[in-house]
1. Please go through the stretch A:112-142 and pick out each residue that is open to solvent by 10 Å² or more (accessible area, probe 1.4 Å) and in a strand (DSSP E or B).
2. Identify, please: which residue in the stretch A:58-79 is facing chain B (nearest Cβ under 9 Å) and outside any strand (DSSP E or B) and is, among those, surrounded by the fewest Cβ atoms within 10 Å (Cβ to Cβ)?
3. Out of curiosity, is A:G206 within 14 Å of chain B (Cβ to nearest Cβ), part of a loop (DSSP other than H, G, I, E, B) and of a type outside the set (F, W, Y)?
4. Within the stretch A:339-353, work out how many residues are buried (at least 16 other Cβ atoms within 10 Å of the Cβ) and farther than 28 Å from A:N32 by Cα.
5. Confirm whether A:K158 is within 16 Å of A:Q199 (Cα to Cα), more than 10 Å from chain B (Cβ to nearest Cβ) and part of a strand (DSSP E or B).
6. Specify the residue that is most open to solvent (accessible area, probe 1.4 Å); the eligible residues are those in the stretch A:83-111 that are more than 10 Å from chain B (Cβ to nearest Cβ) and in contact with a helix residue (DSSP H, G or I) (Cβ under 8 Å, 6 or more places away or on another chain).
7. Check A:R328, A:R288 and return the single one that is more than 20 Å from the chain's Cα centre (by Cα), over 23 Å from A:D126 (Cβ atoms) and open to solvent by 30 Å² or more (accessible area, probe 1.4 Å).
8. Checking the conditions here, which among A:W209, A:W280, A:W201, A:W265 is open to solvent by less than 30 Å² (accessible area, probe 1.4 Å) and of a type in the set (F, W, Y)?
Amino acid sequence: MKLKINLPYAFVFLLSPCFSQDTKFSVHGYLNQAYGQSDRYQYYGIPEEGTIDLRNIALQFNLKYGLKNSLVIQMNSRRVGESPVGEFIDDVELDWGFYQYEHDETLSLKVGKVPLPLGIYNEIRDVGTVLPFYRIPTNVYGEGTWTSETVDGVVVSKSWMPGEWMLDLDLFYGGWDSVTSQSADSYTPVRNEDATGFQFWVTLPGERWRFGVHSHRRRPTEAFDETIGRDHQDISIGSVEGEYEHFLFRGEYVRATFEPEGSSWKAWYLHLGTSFSEKWALNFMRSRGRITLVVPFFATGSGDYDDDALGLNYSFTPRQVLKFEYHRTEGYSVEDLSPDFFFEPPVRLDYFLISFSASF
Amino acid sequence: MRKKLLRTHICAGVFSAVILPTCLSLALTRPVFAQNEPAYRIVVHPDNPITTLTKKDLKNIFLKRVVKWPDGEPIIPVDLSPDSSVRDAFSRDIHKRSPDCVNACWQRKLFSGRGVPPCTFPEESAILEFVRNHVGAIGYVSAVGDANGVKTLKVIP
């Protein structure tokens, strides 16, 4: 078993000041275990013969001293089935770990390996008990590929509460490792530096609806393909989340642009959820993505990625949830065929997942 | 073209056959909660100078958006366990949500590194004991019953 802990982060914890005698320590964690099977080919690690090797386990250690200072570490063990992404994931990893200084209730600073505020799901991408499906929408977030769950750097958070409204702003700077690809069967690790961006949320009075905007620019330090430039990549996400009584609505749109000029990734999803009772919930999601790639002096190609899902969730308790979900997909994310969107039509496949999530 | 049409029909079918009726039936069977006196009372340490709190104050305290009393003392909110009927009443009156919903909100905050939920106690007696022993503590217990050694606050809308 490999264990990877980054020493600079460990120093952040060791050197963090302890100003107060009032220390609180808490441990939390979650488990997300699934069985998945596709009707043909392999899709994001889910093969035709099925796999139970889809799992996320995390343990979080939270040390708070006084009102202003805290240290948080989350260790994670993640399995992604037969996906080639698994090659870049250690058995146990430091999910995130940071020191937080809270100036007051509205202003805080986090330093270290900090969860990246990006859209609705990025910071909670593996917490099955609060997710409608086993995975967050892959068209918008990727399978832990084109973006990262964390930023190695600084996040400053500020909140305002004018009347019944709530405004939340996160500013971040730093870098991260990601894994990215041009085809479904070949992935390359990429280090991204000078990532600068923000996440802004507006919550309407009543706290039933909130609207978010995220934008960042980053600089990949290694080209993952000779046709893709290294100057910078820009990502923008618009989010909306609403709930009313037994209904839940979420939608997000992402637009990523990269070199050569004219190349982009655009995707969206709409999720409608409804709960029959305290125990049962039904979720429906429609998601679309389109990649456009310009290869200078050669061609411009584009490919569409569809994922429609229907899921039924049963909550034994709010912290123990069983999910059944069925997905109908069409696109180029088939890992054992790796179709080329320049020359080949999209591949259609269906898959299902049965998963159990628990947290404490 | 035919496949696309078929797919559209399947999606429309799922929507009209499953989602729409569910939505309508849930909307029509929406529960109505009593608007009478609250089934809970708010308790703090006897030395706490506060005598009244608004519902908005309570919401902000129990979501840890406000962390200090006016005199600078740290606020320590404590919850009853999620299956408690008193917690259910408190949650629906103050947060306008079920305890499960508030719990989901806390899980999102917790596992994104944005905060830890209040401590939870299974019994009201444990809440009262905790509040008696911690100057900054605040909790809630049922509106009836013994609450010696703590101060009950008046809740205003």
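The values are calculated or read from the model by the stated rules, or taken from the named source; none is laboratory data. Everything quoted here is computed from the prediction, not taken from an experiment. All Cβ positions, even for glycine, are placed from backbone atoms using ideal geometry, and neighbour counts span all protein chains on display. To get the accessible areas, we keep the full protein, side chains included, count just its heavy atoms, and leave off ligands, DNA and RNA. Shrake-Rupley method; radii C 1.70, N 1.55, O 1.52, S 1.80 Å.
1. A:K113, the sole residue that qualifies.
2. Restricting to residues being facing chain B (nearest Cβ under 9 Å) and outside any strand (DSSP E or B), the top hit is A:G66.
3. yes
4. Selection size over the stretch A:339-353: 4.
5. Considered against the rule, which asks whether it is within 16 Å of A:Q199 (Cα to Cα), more than 10 Å from chain B (Cβ to nearest Cβ) and part of a strand (DSSP E or B), A:K158 comes out as yes.
6. So the residue we want is A:V111.
7. Of the residues listed, the single one that is more than 20 Å from the chain's Cα centre (by Cα), over 23 Å from A:D126 (Cβ atoms) and open to solvent by 30 Å² or more (accessible area, probe 1.4 Å) is A:R328.
8. A:W201
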